[in-house]
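Working notes for the structure below.
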Amino acid sequence: DEARSINYDRPSAEMLASFTAHVRSSKRILVLIGAGLSASSGIPTYRSAGGFWRTFSDQQLATKSAFEDDPILVWQFYNYRRQQAKAALPNPAHHALAKLAKKKPGLLSVNQNVDELCQRAGHPVEQIMNIHGSLFRVKCFDDACGFEEDNHDIPIIPQLPVTEPPGVLDSADASSATSGVRVDELPHCPKCRVNLLRPATVWFGEGLPEAKVNHVNRWLCGGNSEASIDANSAVEDNQVDLMLVIGTSAMVWPAAGYIGRARKAGARVAFFNMEARSAGVARPEEGDWMFLGDAAELVPEALK
Ligand code: BV8
């Protein structure tokens with residue numbers, strides 16, 4: 001489905017008024033967050049031109065096999081992204097969303113981003129599920145070991161440069177051989193002392209963190225306790241009043257599936273994107289709102 005980039009009219013007064021009224025009367029709000037929310041903070045999105053690093057797309061490097069083939073190259077990629085995310089600042093949309101979460105205890109954010117900018121904007125941590133992990137957590141390459149911890153070191157190891165030398169970004173020879181780093185210098189798991197540490201983001205082909213997915217499922221079933229999901233009881237309130245879909249191409253599953261699930265639970269949907277999608281789950285339906293433009297500008301305006 002082609003994405004049509006339409007000229008960005010200002011949201012009409014009546015569209016804003018109807019959305020604001022609905023936000024005010026909404027108790028249970030589900031938010032799906034994508035890279036577009038952080039674009040104005042200087043973090044390139046995945047599927048736009050800037051989303052490439054050297055000659056690779058995220059999908060080529062964010063996989064177990066890419067790490068097994070060339071852990072140095074993958075750590076160079078993540079070292080670069082960690083530094084980029086660390087240098088970035090939350091933008092007005094991150095702050096507006098955090099403010100709404102504090103006002104609406106029935107709000108839950110499902111965050112595909114791994115940059116931690118929502119948390120840095122003060123989004124209550126119990127109301128945001130980072131279902132694709134975080135750039136600032138590392139874990140043992142062997143899941144069976146189970147070691148995982150926060151790590152904000154920039155660079156992750158002294159031998160990896162903090163910034164990419166000019167030219168490397170688009171050089172044809174993007175192999176890690178140019179790094180001068182040896183695999184035994186890469187961070188190793190302090191627990192099993194055998195395996196390498198890897199970024200604790202969810203790679204393609206990997207399952208999402210179960211606890212976080214269960215939390216979203218419980219929230220969608222209306223309960224906040226284990227009971228509601230086990231007993232399959234007809235919980236009192238599994239209605240979703242509003243879904244905000246902010247800066248995501250909704251191409252990555254299972255995250256994209258939350259849009260349809262929220263609709264089934266009664267939600268009207270507001271899309272915030274630079275492009276209007278004419279098909280797929282990211283397509284606005286009757287009664288939805290489509291805010292076309294930069295999330296950093298439109299989200300604070302729509303939520304004020
Ligand atoms: C799983 C972390 C099974 C890594 C990420 C077909 C073939 C192969 C695979 C699949 C397939 N179909 C489905 C799959 C599975 C695959 C998938 O969905 N692939 C897609 C690409 C087709 N999914 C998985 O592999 C998932 N796991 O299914 O496992 C399983 C189950 C159980 C047990 C074992 C296995 C895992 C998915 C997680 C992958 N990890 N990232 C890392 O980055 O380090 S995904 C990656 O994409 C990011 O997390 C990102 O958040 C996510 C989604 O991208 P977006 O955020 O939407 O960003 P994008 O660039 O795409 O779009 C930006 C949008 O913003 C655009 O719409 C743009 O218009 C807009 N925008 C831009 N600027 C602005 C803006 N909007 C507003 N304002 C602006 N200024």
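Some observations on this one:
- A simple packing score, the average count of other Cβ atoms within 10 Å per residue, orders the peptides 297-303, 258-264, 282-288, 155-161 as 297-303, 258-264, 155-161, 282-288, with the highest score first.
- Computed extension length for Asp143-Asp237: 30.2 nm, one decimal, from 0.36 nm per residue of separation with the Cα-Cα distance subtracted.
- Gain upon complete extension [Lys304, Arg10; 0.36 nm per residue less C-alpha separation]: 104.3 nm
- Projecting the Cα atoms of Val183, Pro71, Gln59 onto the dipole axis of the chain, where Lys and Arg carry +1 and Asp and Glu carry -1 at the beta carbon, places Gln59 farthest toward the positive end.
- To the nearest ten degrees, helix 92-103 and the longest principal axis of the Cα atoms of the chain are 60 degrees apart.
- Its alpha carbons considered, the chain gives a radius of gyration followed by a Dmax of 20.2, 61 Å.
- Crossing angle, helix 210-220 versus the chain [Cα axis fit, 0-90 degrees, rounded to tens]: 10
- Counting every C-alpha pair in segment 1-150, the share spaced more than 26 angstrom apart comes to 38%.
- Under 20 Å, Cα to Cα: Lys pairs in segment 1-125, sequence gap 8 or more or different chains: 4
- Peptide ranges 13-21, 89-97 listed from the most packed, as the mean C-beta count within 10 angstrom indicates: 89-97, 13-21
- Nearest-ten-degree value, helix 13-25 long axis tilted from longest Cα axis of the chain: 90
- Simple spin-label estimate for Arg182 and Asn217 in nanometres, 7 Å along Cα-Cβ: 4.7
- 222 nm mean residue ellipticity, helices alone, for the chain (DSSP H n ≥ 4; -39,500 (n - 2.57); rounded to 500): -8500 deg cm²/dmol
All of the numbers you see were taken from the coordinates with simple rules; none came from a lab. Note that the structure is predicted; figures quoted are calculated from it, not measured. Using ideal geometry, Cβ is built from the backbone for each residue, glycine included, and neighbour counts are taken over all protein chains shown.
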